[in-house]
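Only one structure is covered here, and it is reproduced in the block below.
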Amino acid sequence: MPDLSVNFAGIKSPNPFWLASGPPANCGEQVMRAFDAGWGGAVWKTLGEPIINVCSRYSSVDLNGQRMMGLNNIELISDRPLAVNLREIAEVKRRYPKHAVIASLMVESKRESWQEIVKQSEDAGADGLELNFGCPHGMSERGMGSAVGQVPEYTQMITEWVREIARTPVLVKLTPNISDIRVAARAARRGGAHGVSAINTINSITGIDLDTLRPRPDVGGLSSHGGYCGPAVKPIALNMVQQIGADADARQPVSGIGGVSSWRDAAEFILLGCGTVQVCTAAMHYGFRIVEDLADGLDNWMREKGFATLEDFRGLSLPKVVEWKNLDLNFKVVARIHEDKCIGCDLCYTACRDGAHQCIHLDRGKRPDASRITTTPIPKLDGPMADNRVTPLHRIPRVDEAECVGCNLCALVCPVENCITMDRVENGLAFQSWEQRNI
Amino acid sequence: MADLANPEIARRFPDLHPAFAHQEAAVEANRCLYCFDAPCTVACPTHIDVPRFIRKLASENFRGSALTILDANLLGASCSRVCPVEVLCEGACVMHRYNRAPIEIGRLQRFALDVFHASGDTELPSLPSGARQLRVACVGSGPASLSCAGELARRGHKVTVFEARPLAGGLNTYGVAEYKLNAEAALREVEFIQSLGVEIRCNEEIDSARFTQFAAEYDAVFLGLGLGKMEQLGIPGEDLHGVVDALRFIAEYKTGERLSAPGRVVVVGAGNTAVDAASAARRLGANDVSMLYRRTVAEMSAFEFEYEHAKHEGVEFRWLAKPLRIAGQAGRVTGLECVRVDTGDEFTIPCEMVIPAIGQSRGRALLESAQGSLKIFAGGDLTNGGREVVDAVADGKRAALAIHAQFGETHA
């Protein structure tokens, strides 16, 4: 049975699944129920000077009937009294000593303020600290959150203040709202962070109501940019995690965040080097119970792959991401359409013709005469109906393999699994990259 | 016109395929693959660009979606309800080859046009008009004539539709099973055609004498008369009280004249209209409804899904049997005497009503009285032998385009 336990930057937890700092980790009652459901850790909703929130706070992007592909929020840090949060952290730790409770912190950029809240959090029993330099909305206007994360010198300075007195591991939560995540990660490391959490939410306006012309979320007719998260941001998060892991000066333990909804997402973040993953949107969408599939699915996948611990596969995909100049220019694949699976939608034909390289053709059979009159087939008048279960040859496209550039587009648009495969073509040419060609 | 909607009939004949709610339509629309040269569009006799209208529906471009449908088929609303989509667009859907249910094109089309009609903005974009305005008469006001008239009116021609009955719409109003298309929806579509500038004159039957005057009044005539009277069984007892042909039976309940059926009913014939009549008899209160057919299930002309539907309604089938005589007492039907065509055994089915549904005669009287100088076009059941509403619409549109091209676009 694979072992899912982790020791992440000195913080131990029974599994790598942590609730990210956000609404699901707002109070002790929630966090304890989450631990009962199977979560290994929780990063508490950010502590700081209590704030006042607005109403409403969330908006989302749906895609083709699928709800909440992306979620946006304009909620600030915890609006509960600090003392209440600290008391509940202490209670959770007393009841769940083996689970990880990390205090997310955000206060004004003064040494005394930071050191005071660090002391209080650790006294309450927090296993670690997460410095919230990431929130892109609201708090950033007051010089906190991403306003800190966007300036490497501030990131380093505050991390140093915290490290001066911290007795527990210090994580820095990075904002993606910058041009190069490595710069921020390097600053955190220079400041003495034990690791980083990446990514925080992305600046966003999710949409505008076309009846009222009001952007969402609607706060009395006005709105404000928020932080974007959920499945839609995963590719951006994966890239940033890889950027940190591949940079010699930025490299450090990473707690991966951004659209993790299933064990597959978790496995991908770990394969790019993450030690733990943090989840918020999926828990907001489906509740704490989703952790069951996260743990069970990862466990089954590890068993199938023969991995005994998370360390056995952590970072294995990292070296497989290289700069473009190091890719093999002589590697060749072509699209092959498996006609026994083709249903004749011909989306690949349209996609290749309009969106790619015009190498898929519809010339395999005689097309019906477009000028003929179609009538409703009446058995009495017209005889038995044609069988529609077999795709007629004229609707099965042909790939001109000599012209195919192997771009994948046809296979991506094809609705039928394994109908179009990208097959390796042996051309006998040795590996040659752009870098090598330029020597 | 709205007083046609009898609450009792509405209660007994709820929609067989209920309207989509907004979210349901969105989910279904998003299932559409958006095929290239889509087979559904090819299969449609009016060639509605199905992926295009569904795409627009998915993006909530409701007016664009409706106009895409109406551009190909002005009677898209009734077609969406009455079309045998199983053998047309939905039957051609590529999803069948993927072990998945086809896209519910009919219900999506109904949704698009229901939204369109409810929006209050049913104005269509103008089309280029002809070099001269033609005067065209359409005889009959069924789908073929309405389609022809509407297409001509959109191109600036002056069209008058003549209808012998009190209400326009032909079989859409009087002959389609109420759970597919109710008379109210049919008449809404008639009003839509009128809004395009078509004049409809009801209660005006065109006989040969009147027809001869058309040459002086019109540049062209479209005959959309449909088929003739229903065929009689040709057996003794057909004049008894309780013998009602299928189309009359259907028209009577649709117009609220008939609100019930007796306990035992026999329908003779096994076509789609026979199924409609048998199902209606069940819904109007008949406990025992059987359909009598002289051949076997393999030869029945009703669509497979109509046969299944009839069984669900509780209709019994008696194959290989034909009627010999309608028995009666005191002028009323008491039973149908029949014979098995394979064994020769005779038997009697006790019943209070017999509904002959063995097809309609061809009525070509007007065609034969045509005058030399008048340009005559025809379509729909009259010329195609009795097909579907959508085939009639396609015929009417083709005739309109031909009239416009031959006489409207060239200078006389």
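Table: residues versus (1) among the charged types (D, E, K, R); (2) within 14 Å of chain B (Cβ to nearest Cβ); (3) in contact with a His (Cβ under 9 Å, 6 or more places away or on another chain); (4) closer than 29 Å to A:Ala267 by Cβ.
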| site | (1), (2), (3), (4) |
| --- | --- |
| A:Pro319 | no, no, no, yes |
| A:Trp324 | no, no, no, yes |
| A:Met385 | no, yes, no, no |
| A:Pro392 | no, yes, no, no |
| A:Gly406 | no, no, no, yes |
| A:Cys414 | no, yes, no, yes |
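If you go through region B:271-294 and pick out every residue that is under 19 Å from B:Leu320 (Cβ atoms) and at pLDDT 95 or above, you end up with 9. Only one entry in A:Asp180, A:Asp127 is of a type in the set (Asp, Glu) and surrounded by fewer than 19 Cβ atoms within 10 Å (Cβ to Cβ), namely A:Asp180.
Within region A:293-304, the residues that satisfy the criterion of being surrounded by 12 or more Cβ atoms within 10 Å (Cβ to Cβ) and over 18 Å from the mean Cα position of the chain (by Cα) are A:Asp296, A:Asp299, A:Asn300, A:Trp301, A:Met302, A:Arg303. All but one of (1) outside the structural domain of A:Leu362 (by TED's automatic domain parsing); (2) surrounded by fewer than 22 Cβ atoms within 10 Å (Cβ to Cβ); (3) not in a helix (DSSP H, G or I) hold for A:Arg336; which doesn't? For A:Arg336, the exception is condition (1).
Considering only residues of region A:254-292 that are hydroxyl-bearing (Ser, Thr, Tyr), within 30 Å of A:Ala188 (Cα to Cα) and without any contact (Cβ under 8 Å) to a residue 40 or more places away in the chain, which is surrounded by the fewest Cβ atoms within 10 Å (Cβ to Cβ)?
Among them, the one singled out is A:Ser262.
Is it the case that region A:219-240 has a residue that's surrounded by fewer than 20 Cβ atoms within 10 Å (Cβ to Cβ), touching a strand residue (DSSP E or B) at 6+ places or on another chain (Cβ under 7 Å) and not in a helix (DSSP H, G or I)? Yes: one or more hits. Within region B:359-378, at least one residue is within 12 Å of chain A (Cβ to nearest Cβ), under 19 Å from the mean Cα position of the chain (by Cα) and either in a helix (DSSP H, G or I) or modelled with pLDDT of 90 or more (or both). For A:Glu130, the stated conditions hold: it is closer than 23 Å to A:Arg87 by Cβ, in contact (Cβ under 8 Å) with a residue 12 or more places away in the chain and touching a Leu at 6+ places or on another chain (Cβ under 6 Å). When B:Leu74, B:Leu127, B:Leu67, B:Leu113 are checked against the criterion of being among the aliphatic types (A, V, I, L, M), surrounded by 24 or more Cβ atoms within 10 Å (Cβ to Cβ), away from chain A (no Cβ under 12 Å) and farther than 30 Å from A:Leu381 by Cα, a single residue qualifies: B:Leu113. Among the residues of region A:389-415, those that are within 25 Å of A:Asn330 (Cβ to Cβ) and not β-branched (Val, Ile, Thr) comprise A:Asp400, A:Glu401, A:Ala402, A:Glu403, A:Cys404, A:Gly406, A:Cys407, A:Asn408, A:Leu409, A:Cys410, A:Ala411, A:Leu412. The helices (runs of 4 or more DSSP H) found wholly in region B:127-225 and carrying at least 1 residues that are of a type in the set (Asp, Glu) and under 22 Å from the mean Cα position of the chain (by Cα) occupy B:143-154, B:183-195.
Filtering region A:380-398 for residues that are charged (D, E, K, R), under 37 Å from the mean Cα position of the chain (by Cα) and over 23 Å from A:Leu362 (Cα atoms) leaves an empty set. Looking at this structure, is A:Arg216 among the basic types (Lys, Arg) and either outside the structural domain of A:Thr276 (by TED's automatic domain parsing) or farther than 24 Å from A:Ala9 by Cα (or both)? Considered against the rule, which asks whether it is among the basic types (Lys, Arg) and either outside the structural domain of A:Thr276 (by TED's automatic domain parsing) or farther than 24 Å from A:Ala9 by Cα (or both), A:Arg216 comes out as yes. Check whether at least one residue in region A:425-434 is surrounded by 15 or more Cβ atoms within 10 Å (Cβ to Cβ), closer than 24 Å to B:Val390 by Cβ and within 36 Å of the chain's Cα centre (by Cα), and report yes or no. No, because not a single residue in region A:425-434 is surrounded by 15 or more Cβ atoms within 10 Å (Cβ to Cβ), closer than 24 Å to B:Val390 by Cβ and within 36 Å of the chain's Cα centre (by Cα).
Helices (runs of 4 or more DSSP H) fully within region B:17-120 that include at least 3 residues being more than 24 Å from the chain's Cα centre (by Cα): B:22-31, B:50-58, B:62-72.
With respect to the conditions (1) within 11 Å of chain A (Cβ to nearest Cβ); (2) under 21 Å from the mean Cα position of the chain (by Cα); (3) over 26 Å from B:Leu152 (Cα atoms), B:Phe13 falls short on a single one, namely (1). Filter region A:354-383 down to the residues that are within 9 Å of chain B (Cβ to nearest Cβ) and either within 18 Å of A:Cys407 (Cβ to Cβ) or outside any loop (DSSP other than H, G, I, E, B) (or both) and list them by number. Correct list: A:Pro379, A:Lys380, A:Leu381.
The values are calculated or read from the model by the stated rules, or taken from the named source; none is laboratory data. Predicted, not measured: the structure shown is a model, and the values here were computed from it. Ideal geometry is used to build each Cβ from the backbone, glycine not excepted, and the neighbour counts take in all protein chains shown.
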